[in-house]
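First up is the structure itself, then whatever we jot down about it.
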Amino acid sequence: MKKYIIKRDENSLPEKLTRYRQELNAEQFRVVTAKPQAALVVAGAGTGKTRTITYRVAYLIEQGVSPQRILLATFTNRAAREMLRRVEALTGSQNVHRVWGGTFHRIANLILRRHASSIGYDSNYSILDAEDAKDFVNVCIDEAGIDTKAKRFPKAEVIQDIISYANNTDKPIEEVIVRRYPYFEMLSQQIIRVDHLFQERKRARNVMDYDDLLLNWKRLLISKPEIAELYAEQFQHILVDEYQDTNKLQAEIIDLLAVKHRNVMVVGDDAQSIFAWRGAEFTNIYEFPDRYPEAAVYKLETNYRSTPEILGLANTSISNNRKQFPKMLQALKKSKDFKPALVPCANVEQQSAFIASRILELRDEGTSLEDICVMYRSHYHSLELQMELTRRNIPYRVQSGVRFFEQAHIKDVISYLRIIVNPRDELAWKRILKMIPGVGNATANKIYESLADAENPFALIKKEDFKYKPRSAGNWRNFIELLELLVRDENRNNPAKQIELILTDGYERHLQETFENAEARLEDLRQLALYATRYDSTEDFLSELALLSTERFKEPTGIVAEDVVEGGEDDELLTLTSVHQAKGLEWKAVFLIWAAEGKFPSPRSLKEVDSEEEERRLWYVALTRAKDELYLTYPLMMIDYTRQTVLQKPSRFIMECPPILFEVWGLEEESKPFDAPLVLNEPKNDTEFLN
């Protein structure tokens, strides 16, 4: 191992090191020039984490470390490429490409290609994408002899999620099912059987899926000591970006690789660990000093992004977490004399109207829509706002996924309502028919063809001698009974009640069996039912929804990764996003909507141990996306499923902060002053919370 000594006398620093001191702040410089040893870099939001890692790699190369002895693990290959491009510019070295940089999966593939035969694979193994893996799972379900028509069984996508979560968290499948999918507990042994066949089939066909890349990398390091020693010696320096988002498997791999030199520098922010729901393990970063007692701990606390007022609120909020590395972000920006605005609204309609109006004001004041973001805890929180933005012709992109009304589960349920209003709606009929077990495209087409010219499609389909009934009489009978409920006089023009009936009479079970995020989709549909309570007829409700598919869409509406509502070729676009999707991004002005108890934190998320602290970290991520202006809004009143008025309280994350950190905005409605009471904790010290 090549050793080196860093001289701290500035007069003796090499020319490039002097330049580093000029280009980095003191915190970053300490990290970049740290001596070889284990190190934890707690990098607060907006503190230049990427810049610091980039300079660290450049510094190591300039100190004589061979690029091929550096491992840089990132969460996207694009991030690694950009970092290494900047390293090349800093060092002028032509060998930077020899750094082992990329995602865990990319690096795993590079190593496994060399040593596949050591674990029973050929080096030309194929890598299954998600769709290929789903097909494999379906074959294994058939091979296991499971009659999915006789008894409802989870779709392949759900089985994939169960297996993947178990792999990445190192938990038994039985435990994952009990904790995350309790409604499948009676099917545990069958699911385990499918998993066993899935693993056998992949090995026999010389293929791996994405999880296998990590599992087999770890297996290689454990089962083949001579190979493990080879890489433990080679990787003299290991750097891991976004360490707070690693899962247990990834952390174990890094520990195995670092066993010899122990020069592992992990960089991340424990306060931004927000992905436990997909297997990220908070304890990886929190307990790093326990696994590496010799580790130096560095903190990056100089924030380049936000105003002192925004950071004052963020610092105070996250300080309520017990499990954390305490830090105090310090603003490099000067105060703009604009505190985070707390905006209680009379109801959800006023909340949407305020946000739309304020966005237009900001645009008139010179802030581009591209520099404005509306953030929310759950996708369904944007329902009313999307309608309001559409009415006002404000163009937007939905970064958290597809438009609310274009999601598959929303379209499923709305299709039932469409055939009630228009019994000849071909697309709606075919969509709901294909949700019946045993009904595929061919049967759905035959059923619709028989209904198309019928005087009364509902009467025809209910006949005992209807010739196109599927084989499963029970499923068909349940379908007919649901249609009868939906068209009863007391339900026909009550869209909220109709949605509730669809959920309780089979669709909730369909969600569980079809989608890995069934609970989140169920929340969407309950919110849709709540939204529908304001309409006195199903026809009016459907007509209103049609606002979101007008001629202003440049492309046909559909389910895509990201949808955009555009008003013109060169339009700016407002961003709507969930907080999870916003991590790592920033905007001049941020609106965090539905900042109410029962909405943020999410009641569903609070079911897990330590989940309140994760929800507070999510809140912290939302606050720290804002550069200049931050607005927290919530409705004081909402209508529940029974059309009763329910009073809303501000989120506990608001209530636990002193009022001096906010500026409360009072809104007027119909020329009347808005004087709703707001009760907040008294500040402990008026100056304690601002930088």
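A Förster radius of 56 Å combined with the Cβ-Cβ distance from VAL646 to ASP129 puts the calculated FRET efficiency at roughly 0.80. Here region 279-325 was treated as a single set of alpha-carbon atoms; its pair distances binned every 10 Å from 0 give 20, 39, 33, 8 percent.
Note on ILE119: accessible area approximately 10 square angstrom, rounded to 10, probe 1.4 Å, nucleic acids and ligands left out. The modelled label-to-label distance between GLU349 and MET186, using points 7 Å beyond Cα along the C-beta direction, is 4.6 nm. The C-alpha atoms of the chain define a longest principal axis, and helix 611-623 lies at about 80 degrees to it. Report summary: the helix-based calculation at 222 nm, which adds -39500 (n - 2.57) for every DSSP H run with n ≥ 4 and divides by the residues of the chain, gives -13000 deg cm²/dmol.
With angles folded into 0 to 90 degrees, how steeply does helix 473-486 sit against the dominant principal axis of the chain? Use alpha carbons for both and round to 10. Long axis of 473-486 versus the principal axis of the chain: about 80 degrees. Computed over region 84-236, the alpha-carbon pair-distance distribution with 5 angstrom bins reads 2, 8, 16, 17, 16, 13, 10, 8, 5, 3, 2, 1, 0, 0, each value a whole percent. List, in the order given, every pair from LYS16/LYS583; LYS49/LYS588; LYS583/LYS649; LYS327/LYS627 whose Cα-Cα distance in the structure shown is over 24 Å. Those over the limit are LYS16/LYS583; LYS583/LYS649.
Residue pairs exceeding 25 angstrom between C-alpha atoms, taken from LYS35/LYS333; LYS248/LYS323; LYS155/LYS224: LYS35/LYS333; LYS155/LYS224. With bins 10 Å wide beginning at 0, the percent of Cα pairs of region 369-424 falling in each bin runs 19, 45, 26, 9, 1. For the chain, the spread of Cα positions along the three principal axes, ordered from largest to smallest, is 93, 71, 46 Å. When both bridge partners sit in the chain, DSSP labels roughly 15% of those beta bridges antiparallel.
Compared with the dominant Cα axis of the chain, that is its longest principal axis, helix 49-62 is turned about 40°. For region 178-282, the relative contact order is 24 percent, taking Cα pairs closer than 8 Å that sit 6 or more residues apart in sequence and dividing their mean separation by the residue count.
Per the Cα gyration tensor, region 34-143 maps to an equivalent ellipsoid with semi-axes of 35, 18, 13 Å, ordered largest to smallest. Summing +1 for each Lys or Arg and -1 for each Asp or Glu among the other residues whose beta-carbon sits under 11 angstrom from that of ILE420 gives +1. Taking 0.36 nm per residue of sequence separation and removing the Cα-Cα distance, the LYS171/MET328 pair yields an extension gain of 53.0 nm. Cα-Cα pairs above 22 Å in region 340-477: how many percent? Pairs farther apart than 22 Å: 55 percent.
The values are calculated or read from the model by the stated rules, or taken from the named source; none is laboratory data. What you are looking at is a predicted structure, and each value in this text was computed from that prediction instead of being measured. Counting neighbours? That spans all protein chains shown, and the Cβs are built from the backbone with ideal geometry, glycine included. When the accessible area is computed, the model is the full protein with side chains, heavy atoms only, and any ligands, DNA or RNA have been set aside. Shrake-Rupley method; radii C 1.70, N 1.55, O 1.52, S 1.80 Å.
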